[in-house]
Every structure is written in structure tokens, then in C-alpha cells.
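Here the structure is laid out as C-alpha cells; the discussion comes afterwards.
The values are calculated or read from the model by the stated rules, or taken from the named source; none is laboratory data. The structure displayed is predicted, hence computed values, not measured ones. Here the Cβ positions follow ideal geometry from the backbone for every residue, glycine too, while neighbour counts run over all protein chains shown. Note: accessible area is taken over every heavy atom of the protein model, side chains too, but ligands, DNA and RNA are not part of it. Shrake-Rupley method; radii C 1.70, N 1.55, O 1.52, S 1.80 Å.
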Amino acid sequence: MNEPDVDGRELSAVFERTMNGLGPDLGPLVAASARQGRSIRRRRRLTVVGAVTAVAALAVGGSLALRGGDGTGNGGQAAAAASATGSPAASPTASTAPASGRRYPRPVEPTDDNPEQPQPGTGPNTGKVAMTGHAALAALAEALPPDRRIYDYSGSSQLTRTGSTDPGHVSIVADLLYDDGSGPANVRLWFEGGFGARLGPDSHPSADDVFSCAKVNAHGLFSSCSDSVLPDGTRLTLTERTSHGALEREVDLLRPDQARVTVSTSNAAQVAGSDQAQVVRDGLPLSLDQLKAAALSAGLQEWITPAQAQRAEQTIRPFHNGMPGRTQPSGTATSRPGSAG
């Protein structure tokens with residue numbers, strides 16, 4: 001999670017990217033089968049423990065935004081409503097006793113320094129603001145499967161302009177932990193506005209370098225890689241790999257509006273007392289199809305209304321602002337989420 005860019009490619013200082021991917025592993029299938037084999041009694045016991053934890057968190061005034069339990073995918077709205085009314089949401093705790101029986105370390109919790117300063121738009125974006133880290137995380141959380149614990153938010157948003165008349169492009173990196181009851185998985189979102197406009201047949205990298213498995217997986221870094229072009233012209237690459245015992249999956253796409261969206265997940269995260277990311281759970285709770293749905297979320301837009309930014313700031317808490325140059329706590333990575341050291 002803190003390792004440097006593997007391929008060394010970069011388009012600019014702001015949009016420096018790793019061309020690494022992720023790889024398939026039978027671990028998720030084994031872990032899923034084990035979870036399905038749990039007894040009803042154990043599931044009920046875990047449900048009771050979760051309920052007690054939620055009540056205790058409410059009592060002490062927790063303020064994490066959680067997904068709703070109605071199965072409708074409206075968890076983000078429910079959390080926003082709770083925040084608006086001053087009603088705190090339950091504070092989740094990561095599972096330390098997954099199906100395998102092995103006890104894993106807990107990921108480091110980043111500090112909460114909630115505020116972000118939205119950047120106002122100019123020209124065609126007048127009246128709007130650049131999508132914030134809060135807003136990106138709100139859209140990501142809403143697009144992930146519901147009825148899960150989502151917490152430990154961190155992120156940053158940068159607006160890059162080449163001149164006073166340039167409306168600019170937005171670059172965002174944001175992280176959260178997603179826990180399906182068997183432990184937390186790190187989920188990271190990269191959003192790079194205008195990325196496709198800088199790719200051409202003679203550029204390096206070219207679009208084929210980034211979104212073609214023939215180039216991306218030329219050295220066999222991934223145990224699985226597939227690429228396709230969607231009906232609307234979106235270029236899509238899905239990769240999986242196992243790296244140093246960690247499972248990693250990534251969906252990388254280039255939209256017709258030239259924005260690049262990457263959503264990846266890993267069962268490794270930064271833990272206290274270690275400079276390297278450590279495995280923190282069995283398997284992964286999110287499939288490539290689920291990551292693809294999140295990457296295609298209509299809520300991931302470069303420019304949003306000030307009201308949207310305000311609602312997201314109220315909903316996504318606690319939040320660590322990972323803007324470069326700020327002091328970051330141990331565990332707040334700025335490289336790809338899939339990297340496990």
C-alpha cells in the first residue's frame with residue numbers, strides 16, 4: 001500500500017499512476033464456502049454481538065456513516081439523514097476471528113480531520129465545485145453492495161489548471177474499509193478527469209498500454225486479465241493477482257468523457273507497528289463484477305453542486321484529508337490500494 005509505482009509510468013506529477021493490477025486466487029472461494037458453512041447458531045451469536053456493539057456505539061456518540069440494512073442500496077441516504085438530524089450511527093469494529101480461525105491484525109485507523117475546501121468551477125463549470133474526496137467516497141459507498149460495514153474514510157481532491165482560462169480537471173484518490181462480517185478489505189478509488197485526452201497513438205503510455213491486456217499483462221504480473229469495450233465506448237480492464245499472500249482485484253476504465261476511474265480492493269492494509277501492509281482478513285468480499293458496478297457509478301462526476309459537496313461532508317465521517325503536504329497518520333497510503341508490499 002505504500003510501495004512506489006511499479007511500472008514508473010507517469011503523465012504528470014498530479015496524475016502519476018501505477019500500471020500494476022491484481023490477480024486471481026482461490027482464497028476468496030474457499031473463504032466464501034467456509035462462511036456459508038457456518039452454523040445458524042454462530043450466525044445468530046454474531047448478530048447479537050453486532051447489535052450490542054451498535055447500541056454501545058450509539059451510546060458513546062459514534063458518527064460513522066454506514067449502509068442501511070433495508071437491502072435497497074439507500075444506506076448513504078440513511079446515513080445522511082442521521083447526520084442531518086444529529087443522530088449518530090453505529091461505529092463498526094473489524095472482525096478478528098474470520099472463518100479460518102486465524103486472528104488478523106486490525107488496520108490502522110486514520111485520524112479524523114474532516115474539513116475539505118471545495119474548489120469552485122469556472123467557465124462551463126461556474127456554479128459548481130470540483131468533486132471532493134467526501135463526495136467521491138459517498139458515491140463509492142452507495143455503489144457498493146449494501147448491508148455491510150463501511151468505515152475508515154480517507155481521501156483528497158486536487159484541481160489542476162494549465163491557465164486562467166482552463167476550467168481544469170479533477171484528480172481524486174480515496175480509500176475506505178469494507179467489512180462483510182469476516183473482516184475488513186481495503187477499497188480504493190482513483191478518479192482522473194481528462195486522462196483520455198492525454199492519450200494518443202504516439203503518446204507514452206497510449207490507451208492500449210493502459211487498457212489492453214496484451215500490454216498490461218505482457219509480463220504475466222496478473223493471474224487473470226480481461227479487457228473489453230462497452231457499447232458506449234468505455235474501455236475496461238479487469239485484473240486479479242496474488243502478491244505476497246495478499247489478494248488483489250482491480251477494475252480500470254476510461255469513459256467517453258475521457259475520465260479514468262479505477263476501483264480496486266485488497267485484503268491487505270497498514271497495521272500498527274509495521275511499515276509494510278499486512279493481510280487483515282481471509283479472501284475478499286467484493287467480486288470483479290461488483291467493483292465494475294462501482295466504477296461505473298453515475299455519481300462519480302468531476303463537477304458537483306455545492307449542496308452535494310455539503311451533504312457528502314455531513315455523511316462521510318470520520319474522514320481523513322489525505323491532501324499531499326498534510327501530515328498523514330500511519331496507515332494512510334497514497335499509492336495504489338492493491339499494493340501489499
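Nonpolar atom fraction for the stretch 116-157, defined as the carbon and sulfur part of the 1.4 Å probe accessible area, stands at 51 percent. Computed from the C-beta positions of M323 and D275 and an R0 of 25 Å, the FRET efficiency is 0.65 to the nearest 0.05. Carbon-plus-sulfur accessible fraction, the stretch 199-256 (probe radius 1.4 Å, protein heavy atoms only): 50%. Modelled spin labels at R103 and A197, positioned 7 Å past Cα toward Cβ, are 5.4 nm from each other. For the Cα trace of the stretch 211-263, dividing Rg by the Kirkwood Rh returns an Rg/Rh value of 1.02. Less than 5 angstrom separates the built amide H of T242 from those of G23, S223, all sequence-distant by 5 or more or on a different chain.
The calculated P(r) of the stretch 227-288, using every Cα pair and 10 Å bins from 0, goes 21, 39, 25, 13, 2 in percent. Percent of Cα pairs in the stretch 158-212 per distance bin of 5 Å, from zero to the largest separation: 4, 15, 15, 15, 17, 13, 9, 7, 4, 1, 0. In this structure the amide hydrogen of V271, modeled in the peptide plane, comes within under 5 Å of the amide hydrogens of V108, Q278, none closer than 5 places in sequence on its chain.
Label separation (T305 vs Q258): 2.7 nm, computed from points 7 Å beyond Cα along the C-beta direction.
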